[in-house]
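The values are calculated or read from the model by the stated rules, or taken from the named source; none is laboratory data. Quantities reported herein were computed from a predicted structural model and do not represent experimental measurements. Cβ placement follows ideal geometry from the backbone for every residue including glycine, while neighbour counts extend to all protein chains displayed. Just the protein is used for accessible areas: all its heavy atoms, side chains included, with ligands, DNA and RNA removed. Shrake-Rupley method; radii C 1.70, N 1.55, O 1.52, S 1.80 Å.
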Amino acid sequence: MRAMKHCLLLLLFNYIVAFASLPFFYKKGEGFISVGIPYSVKIERGYIIYPDFSEKLCRSCYTYITDDAFPVFIYKGNTTQKLRGFSKISVVSGKGYRVDIITRGNGIEKVFVIDEYVDVNELKIQLEGITSLRLEKGSLVLKTSQGEEVVFSKPKGYQFIGNKKIPVDVSFRIIDKNTYGFKVSEYDKSKKLYIDPVVYYSNIGGSGVEEPVKLIKSEKGDYYIVGYTSSPDFPEGNTNYHLRMGKNVSWDILIIRLSEDLKNIKGVAIIGGSTEEWPRSATIDKEGNIYVCGWTMSKDFPVKGRQFGSYTPRHSKAFVLKIKGDLSEIVRSFRLGGSFYEFAYDIFIDEEGYVYVAGETSSPDFPITKNAYDRTFNGGSIDIFITKFDKDLEEIIASTFVGGKDGDAPLGMYIDDRYVYISGLTWSYDFPTRDKSFDKTFGGIIDGIVIKLNKDLSELVASTYIGGSAPDNAGFIRVDDEGNIYVGGKTSSWDMPYKKDSYKPLISDMRHPDAWLAVFDPLLSKLKGFTYIGGYGDDTISNFIVDKEYILVGGSTTSYDFPVTVDFRKSKTNKNNYDIFIAEFTKDLRNMNRSIVIGGSKHDLLKFFHKEGDSVILTGLTYSEDLHDNTNIKGPNDIFVMKYEIDNFPLNIVGTLFIMIIWGLIFGFIYKYVRG
């Protein structure tokens with residue numbers, strides 16, 4: 001009994017020491033940046049020219065950029081346009097005031113800065129293209145000739161006196177039917193006066209949508225977000241300055257170049273034709289060139305150099321694009337495919353510089369090389385294709401089909417010094433496997449698949465199904481230094497081939513899919529580890545990294561009960577919101593070491609992450625105004641990039657408690673033995 005008391009005391013002491021030694025504070029969202037693509041608003045000769053009306057700020061004035069400008073390259077069809085991008089400019093009057101114009105939220109913020117001893121009554125702003133002007137609850141409401149109502153919010157006035165920001169009572173005054181000014185209470189005329197209204201406009205603030213698909217880093221340190229955007233109307237001709245602010249026309253490829261500290265945009269490229277382009281993956285070579293693959297519906301998609309497919313009406317066509325790291329020039333661009341449709345899902349560059357593209361095709365005449373593993377389209381709706389290009393993307397070195405008689409698609413690809421690895425899904429009962437395959441039998445509906453080919457694509461070295469009785473997919477694949485193959489995906493199956501010693505051997509709720517991870521031996525003949533990931537909501541993997549000691553997994557979850565050691569969710573009661581998770585597992589998938597969940601009050605989805613030293617850089621899609629203190633949503637959603645230090649995440653308390661219990665028992669019995 002005494003031994004048990006000492007055991008419990010030791011257990012309590014171990015618990016307190018262990019808990020107290022866990023780090024408790026974190027740098028939250030270091031390096032956060034929110035990126036949105038707004039509408040074209042032209043700043044020229046003292047005017048702000050909106051889509052439906054214009055605002056004359058002054059008669060004789062000049063404009064200058066107060067933020068670091070960055071180039072914006074627009075490749076539309078066969079034309080190229082270069083603009084200067086920025087988030088803030090200033091229009092300076094010759095009458096003692098300036099106007100700072102800033103993209104802000106779903107509008108434009110204008111800050112009028114009135115110099116010392118300047119009469120504010122001299123500030124008269126003319127509006128052109130409007131039919132009426134009225135005051136409403138302190139705001140200025142105007143109606144454009146197109147019938148659109150525009151609201152200038154009630155202005156805020158303030159001064160800086162010493163180190164203090166002193167409020168000043170300011171209101172709008174209507175001077176005539178198309179001119180407004182400001183009425184100001186008493187203030188210190190020996191100090192500058194600031195007046196700050198925001199323009200809210202249904203066509204301003206980005207009705208467009210942006211979504212990232214990949215985050216990559218160059219050897220020089222720059223980060224690149226590759227994704228897509230619903231394109232605004234782009235201004236024609238030579239114009240001075242533009243704030244881009246959003247009207248949907250089509251879906252285009254979007255590439256954003258960021259500084260290493262994630263604080264500055266260094267360049268933007270928007271690439272597309274007259275209809276739709278959907279990038280799916282991207283990579284970077286040693287020289288810093290960016291490679292993008294996906295599919296296009298546009299007849300006028302910008303192409304350059306030799307083509308390996310042609311435009312087919314009403315059919316999507318795979319594309320491969322190579323662009324310089326400064327985004328100033330498309331080096332190569334081509335369609336890839338046959339007579340019907342193709343989608344390119346992943347692109348990879350091996351150590352020798354050869355470029356591999358994996359996708360799906362419905363074309364029996366897709367370009368296949370004579371020594372391919374499979375030269376014949378297998379029937380059904382779609383087959384997997386894998387194509388290897390030379391370093392300059394001028395020649396097809398090898399190309400093969402892989403598939404069964406129904407339908408098959410790749411979702412992920414990895415390449416080491418000897419083999420090409422593909423993960424994906426199939427609904428073919430006869431998908432090709434091997435004698436030693438872990439699973440040769442189709443499970444029903446849709447199964448995940450994992451395949452391994454030699455690098456000249458002439459031999460299927462290993463292959464297996466992985467799945468249960470419900471729909472499953474294998475979306476991501478990695479390989480460690482010993483050749484073990486790691487696969488992640490999503491499933492609704494309760495009967496996935498789990499291991500009894502798995503971290504989570506059972507699915508939480510078959511009505512809501514779980515993410516999963518598995519590890520196979522190099523021949524895909526033995527399942528060495530498996531775990532479900534998630535709770536009672538929807539859980540999805542976006543990416544994972546295999547380190548020497550652990551696996552780092554990232555994704556999105558709606559599970560309120562997602563296992564977590566650090567919880568940064570703003571709303572834990574709304575079970576329908578997606579939040580971001582990062583979790584660390586042991587390589588045998590028996591234990592989850594630590595995890596973090598991050599989210600605002602609305603949907604936040606992780607699309608990709610990159611590990612850099614002790615930190616992870618996350619990119620994804622946010623609908624939340626409060627994901628981070630610097631969040632500034634410009635449309636229904638924006639791309640976000642943020643940096644978290646992960647080595648400070650506390651370990652899983654359950655595992656810590658288990659260790660403390662064991663040590664408590666050991667020391668209790670030692671104490672009993674020593675005391676006799």
Apply the Kirkwood formula to region 413-482: the hydrodynamic radius equals the inverse of the mean of 1/r over all pairs of different alpha-carbon atoms; give it in Å with one decimal.
12.4
Placing each pseudo-label 7 Å from Cα in the direction of the beta carbon, residue 304 and residue 571 end up separated by a distance in nanometres of 4.4
Excluding residue 379 itself, what net charge comes from residues whose Cβ is under 9 Å from its Cβ, given Lys and Arg +1 and Asp and Glu -1?
-1
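Over region 495-581, what percent of the accessible surface lies on carbon and sulfur atoms, probe 1.4 Å?
Values: 1810 of 3580 Å².
Carbon and sulfur together cover 51 percent of it.
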Would you compute the Debye intensity of region 471-629 from its alpha-carbon atoms alone, equal scatterers and no solvent, and pass along log10 I(q)/I(0) at q = 0.11, 0.12, 0.19 Å⁻¹ to two decimals?
-0.40, -0.48, -1.18
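Taking the Cβ of residue 506 as the centre, find all other residues whose Cβ is under 12 Å away and add up their charges (Lys, Arg: +1; Asp, Glu: -1). Mind dumping the intermediate values first?
Numbers: positive: 499, 500, 504; negative: 495, 509, 514.
So the environment of residue 506 carries a net charge of 0.
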Roll a 1.4 Å probe over the protein chains and send me the accessible area per residue for region 353-476 in Å².
35
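Which FRET efficiency value, to the nearest 0.05, do you get for residue 161 and residue 264 by plugging their Cβ-Cβ distance into 1/(1 + (r/R0)^6) with R0 = 22 Å? Walk me through the numbers before you get to the answer.
Values: r = 32 Å, r/R0 = 1.46.
Computed FRET efficiency for residue 161 and residue 264 comes out at 0.10.
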C-alpha center-to-center spacing [region 315-373, region 243-312] in angstrom
14
Set 214/607; 220/324; 499/548; 217/266 screened for pairs whose C-alpha atoms are more than 19 Å apart
499/548
